[in-house]
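Working notes for the structure below.
The values are calculated or read from the model by the stated rules, or taken from the named source; none is laboratory data. Being a predicted model, the structure only gives us computed values, none of them experimental. Every residue, glycine as well, gets a Cβ built from its backbone with ideal geometry; the counts of neighbours run over all protein chains shown. Heads up: the accessible areas ignore ligands, DNA and RNA and are worked out on the full protein's heavy atoms, side chains in. Shrake-Rupley method; radii C 1.70, N 1.55, O 1.52, S 1.80 Å.
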Amino acid sequence: ILNVEQSPQSLHVQEGDSTNFTCSFPSSNFYALHWYRWETAKSPEALFVMTLNGDEKKKGRISATLNTKEGYSYLYIKGSQPEDSATYLCAFMYSGGGADGLTFGKGTHLIIQP
Amino acid sequence: ETGVTQTPRHLVMGMTNKKSLKCEQHLGHNAMYWYKQSAKKPLELMFVYNFKEQTENNSVPSRFSPECPNSSHLFLHLHTLQPEDSALYLCASSQGRRDYGYTFGSGTRLTVV
């Protein structure tokens, strides 16, 4: 059974502050790590797909890093805005061939307070 | 709209009913997926179809029956469900390449009474 853990479960951040949260995943048989943002009443939206140890990806004020040897990824949000309020999901894909599904964590629920 | 359309958005069904959930994508993706989200649980993979062939069934009870008639359409047929099957059912599609993100639909909120 693959275990993907995210912490914290929820987070309240003041507008303008920066924040980060963690995703832990199995360090063996790694293939890819995905991050998604899921706003209330909308669909999960892909943020990043990371495949290489040491990968760093950036999209506007959001960035992510990956350490496959120790099995963790960080998501950073710089200068939080109210529209960043959402649940952030990470998902792990192991190396097994084919279009296999993702194993998701429970998510970090981020609330930005004005 | 993300390009993946799910219908209906909400469904209430009795335990003896038979119903179907529909998912449609015209993104040219080769792979389609059913996920289930129950309260306080992560998204759980149910089924994977790649080029219309089922490549994964994640130990899902037989009261859930998927169908993929072509690469653009995916169904989830439901019969004799239990109240604990009440959940949000999400469909997703991808290019089938493991370094590409998934595109999700908005989901069907299912309530079994």
Cα-based reach from B:Lys19 at 18 Å (exclusive), listing lysines while leaving out same-chain residues under 8 positions away: B:Lys36
- request: Provide the per residue accessible area, probe 1.4 Å, for chain A, rounded to a whole number of square angstrom.
  value: 48
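What ranking do A:101-107, B:96-102 get when scored by the average of other Cβ atoms within 10 Å per residue, highest first?
Result, highest mean first: A:101-107, B:96-102.
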Mean separation of Cα contacts under 8 Å, 6 or more apart, over the residue count of chain A: relative contact order %: 37
task: Anything losing 30 Å² or more of accessible area from the isolated chain to the full protein assembly: pick those residues out of the range A:20-48, probe 1.4 Å, ligands and DNA/RNA ignored.
output: A:Tyr31, A:Tyr36, A:Trp38, A:Ser43, A:Pro44
- line: Scattering profile of the protein assembly as shown from the Debye formula, Cα beads only, expressed as log10 I(q)/I(0) at q = 0.10 Å⁻¹, is -0.45
query: Modelled label-to-label distance, A:Ser28 and B:Asn17, 7 Å Cα→beta-carbon offset: nm?
result: 4.6
Charge dipole of chain A about the Cα centre (unit charges at C-beta), most positive-ward option of A:Gln14, A:Gly101, A:Ser43: A:Gly101
- prompt: Tell me, how many Å apart are the Cα centres for the range B:18-69 and for the range A:34-94?
  reply: 24
message: With a 1.4 Å probe and all protein chains left in place, how much of the accessible area of the protein assembly as shown comes from carbon and sulfur atoms, in whole percent?
response: 47
- request: Give me the distance in nm between label points sitting 7 Å out from Cα along the Cα-to-Cβ direction at A:Val13 and A:Lys59, one decimal.
  value: 1.5
message: Restricted to Cα positions, what overall size does the range A:22-80 have along the principal axes? Three whole-Å values, descending.
response: 35, 24, 15
field: Distance (nanometres) between label positions extended 7 Å along Cα→Cβ at B:His79 and B:Asp99
entry: 4.4
query: Mean shadow of chain A, computed from the convex hull of its alpha carbons, in nm²?
result: 6.9
statement: Counting Lys and Arg as +1 and Asp and Glu as -1 over every other residue whose Cβ sits under 12 Å from the Cβ of A:Ser63, the net charge comes to +3
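Using the C-alpha gyration tensor of chain B, what are the square roots of 5 times its eigenvalues, in whole angstrom, with the largest one first? Walk me through the numbers on the way to the answer.
Details: eigenvalues 102, 38, 35 Å².
Taking √(5λ) for each Cα gyration eigenvalue gives 23, 14, 13 Å.
Quote the total accessible area buried by chains A and B together, excluding ligands, DNA and RNA, probe 1.4 Å, nearest 100 Å². Intermediate values should be presented prior to the final figure.
Working: alone 6370 and 6320 Å², together 10860 Å².
Summing both chains' loss of accessible area gives about 1800 Å².
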- prompt: With heavy atoms of protein chains only and a 1.4 Å probe, what residues of the range B:72-113 have at least 40 Å² less accessible area in the full set of chains than alone?
  reply: B:Arg98, B:Asp99, B:Tyr102, B:Phe104
- prompt: What residues does the range B:30-51 have that are buried by at least 50 Å² of accessible area in the full protein assembly compared to the chain on its own, 1.4 angstrom probe?
  reply: B:Pro42, B:Leu43
statement: Taking a probe of 1.4 Å and leaving out DNA, RNA and ligands, the range B:17-113 shows per residue an accessible area in Å² of 45
